[in-house]
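The values are calculated or read from the model by the stated rules, or taken from the named source; none is laboratory data. Quantities reported herein were computed from a predicted structural model and do not represent experimental measurements. In this analysis, Cβ positions are derived from the backbone assuming ideal geometry, glycine residues included, and neighbour counts consider all displayed protein chains. We work out accessible area using only protein heavy atoms, side chains counted, and drop any ligands, DNA or RNA first. Shrake-Rupley method; radii C 1.70, N 1.55, O 1.52, S 1.80 Å.
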Amino acid sequence: MREKLLLPYVLLVVLILSACSGGGFKAEHNYKIEPFEFTNQHNEKVSLDDLKGSVWLAQFVFTVCTSACPPMMSNMADLDKKLIDEGVEDYKIVSFSIDPAVDTPEIMQEYLDLYDVGDQKNWEMLTGYTQKKITDFAAKSFKTLVADIPDSDQVMHATYFSLVNQKGEVVKTYNGMTDVPFDEIVKDMKVLSKEGL
């Protein structure tokens, strides 16, 4: 008899717990980004500390890229507009140049101007380091490959977008070149922004 009386309460607790956890954000990774201070398209210093407190999306691109980068930049620009349309605030889009010898701040600004972005103030186009630095940084902080292609002006790199939480940790990655999950990214950024993980 006592079991029958307890059953509704047990079911109620299970329902409450599942409701509380159902809409939350589930991290796939937990890569801590090492501290950095690079230069953006406005010749201003931008550090990891400057980005902490905001949710951000990162990508690795370069301005003379002939294959992956143009669609990645175009997709990120579309994503920026969707985030604005959905009312997501206090986010950043961070593009790390993987060809810093060519990609000066001025060239990074010209490259950004080629794309129809929602709001350029959300974008940090970073450069101002050595090729070795960005190769090491990508490997350590984002667990991704950046490598020169011999006898070429092209650089090998991953084509995904990385979602970074307010603490400066990579928590999820998405395809950034084809079949981009725009709705999933927007939803994740909205939830992550509210949760303040």
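Exposure check, 1.4 Å probe, all protein chains in place: VAL171 carries approximately 10 Å² of accessible surface. Here each label is just a point 7 Å from Cα along the line to Cβ, and for ASP113 and SER47 those points are 3.1 nm apart. Close amide H pairs (under 5 Å, H built 1.01 Å from N) link VAL55 with LYS92, residues at least 5 positions away or on another chain.
The length gained by stretching the chain between LYS187 and ASP90 to full extension, at 0.36 nm per residue less their Cα-Cα distance, is 33.5 nm. Surface listing: ILE33, ILE84 arranged by accessible area from highest to lowest gives ILE84, ILE33, probe 1.4 Å. Note on PHE62: accessible area approximately 0 square angstrom, rounded to 10, probe 1.4 Å, nucleic acids and ligands left out. Placing a pseudo-label 7 Å from each Cα along the Cα-to-Cβ vector at GLU37 and GLU169 gives an inter-label distance of 2.6 nm. Give the cross-link partners of LYS143 among the lysines, using a straight C-alpha distance below 27 Å as the criterion and excluding same-chain residues fewer than 8 apart. Output for LYS143: LYS26, LYS32, LYS45, LYS52, LYS92, LYS132, LYS133, LYS167, LYS172, LYS187, LYS190, LYS194. Our estimate of slack between THR130 and VAL64, defined as 0.36 nm per intervening residue step minus the Cα-Cα distance, is 22.1 nm. Go ahead and collect, in residue order, the members of segment 106-137 whose backbone nitrogen is under 14 Å from a label point 7 Å along the Cα-Cβ direction of SER74. Residues 114-117 qualify, since their backbone N sits under 14 Å from the label point. The DSSP beta bridges internal to segment 49-194 are antiparallel in roughly 50% of cases. Rounded to the nearest 10 square angstrom, GLU34 shows an accessible area of 50 square angstrom against a 1.4 Å probe.
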